[in-house]
1. Do we have Leu198 as more than 15 Å from Asp271 (Cα to Cα) and free of Cβ contacts under 8 Å to residues at least 40 places away in the same chain here?
2. Just a yes or no: is a residue in segment 268-278 closer than 28 Å to Leu146 by Cβ and either assigned by TED's automatic domain parsing to the domain that holds Asp180 or not in a loop (DSSP other than H, G, I, E, B) (or both)?
3. Which number in (1) crowded, with 17+ Cβ neighbours inside 10 Å; (2) assigned by TED's automatic domain parsing to the domain that holds Lys96 marks the one condition that Ile222 misses?
4. Can you confirm whether segment 202-210 contains a residue that is of a type outside the set (Ser, Thr, Tyr) and under 29 Å from Cys140 (Cα atoms)?
5. Answer with yes or no whether Glu136 is under 26 Å from the mean Cα position of the chain (by Cα) and at pLDDT 85 or above.
6. If Tyr159 passes every condition in (1) of a type in the set (Phe, Trp, Tyr); (2) within 30 Å of Ile291 (Cα to Cα); (3) touching a residue at least 24 places away in the same chain (Cβ under 8 Å) but one, which one does it miss?
7. Looking only at segment 256-267, which residues are closer than 16 Å to Leu236 by Cβ and part of a loop (DSSP other than H, G, I, E, B)?
8. Pick from segment 147-160 the residues that are assigned to a helix (DSSP H, G or I) and exposed (fewer than 14 other Cβ atoms within 10 Å of the Cβ): which of them is nearest to the chain's Cα centre (by Cα)?
Amino acid sequence: MTNFDENNNYTYIYGLISLNIIESESNENIIKSLIHKNNLNNTVLSFLEKLDGQFENNIYIIKNKNLINSINSCKNLDIINNFTNYMGYIRYYFEKFGNIELNNNNIKITIKNNNNKISEKLKIPSIISNDLLIYENINCIDFLGLIYNNCNNFCGNFYNEYLNIINRNYYPKIKVYKSDTNAILPSKNRNSDAGYDLTIIKESKVFNSLTKLYDTGIKLDIPNGYYVEVYPRSSLSKSGYMLANSVGIIDQGYRGNIYIALTKIDENSPDLELPFKCCQMILKKQVYSDIEEVFEDLTLTDRNHGGYGSTNKN
């Protein structure tokens, strides 16, 4: 039997075979799986050819005893506990028993599953109802990203649906919850303005004599495929204060209150009178990407190693 490395997710192949076994034609000495070759990408077909099995039309036949034992260990999701690299199996399990539902801006994933092994292993918030494992919205993106990023074994239809979800175009809506009755909703003067003004309503924490943390009293439900950046309003400099962290990043999955850290830069400026409209939030499209390590040095460019003011040198 060929040993596939973890990066190739050989457990995807185990899932493909084990979840399509024709029970009536299989026994301890032979496994027959119904696998439609036309539905597989070239990488998956290549892996199947490397295994000690063979195709007869759309029936994949295995007679190797060790391979049969490995395939049988995948039944009933036992592979999740028996193999270090189980993500490939979960990916195929999802492609066989799962479904993606898109309804306006909402995303829902359902997977036929009568136990919580997948949920416990992935640790992504979900619910189990009527023998269905259910993920919704941001948790769908985290689930799909976990099983599809950095892999080359997959069903093209589901993978393309994942790409469509994280890059889809629609008019986004930010849902805002007031955790404090005195909170002020984000607003802007003109529809063409890039940012929505944020108002701090109370002091939350003192970091030092110059920097304090303030609470806006609001929480955001950011739409799929977006995140929020927080910038100072142009008028903030007149107050003698500055945004302590320059730019704030609010991830889509964050569900806590929005806090603003301000630093006094003019000791003669009076303390802030709250509520105070200090910053603005801008909704930004999130670009999902992979990190790939390379082992050859990067190609040369005109700038090359120049940095830290190098372009100002004659």
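The values are calculated or read from the model by the stated rules, or taken from the named source; none is laboratory data. Here the structure is a predicted model, which means the values were calculated and not measured. When we count neighbours, we look across all protein chains shown, and the Cβ atoms used for this are built from the backbone with ideal geometry, even at glycine.
1. Taking the combined requirement at face value, the residue does not satisfy it.
2. no
3. Every condition holds for Ile222 apart from (2).
4. The answer is no; no qualifying residue exists.
5. yes
6. Looking at each condition in turn, Tyr159 falls short on (3).
7. Across segment 256-267, the qualifying residues are Ile265, Asp266.
8. Among them, the one singled out is Asn160.
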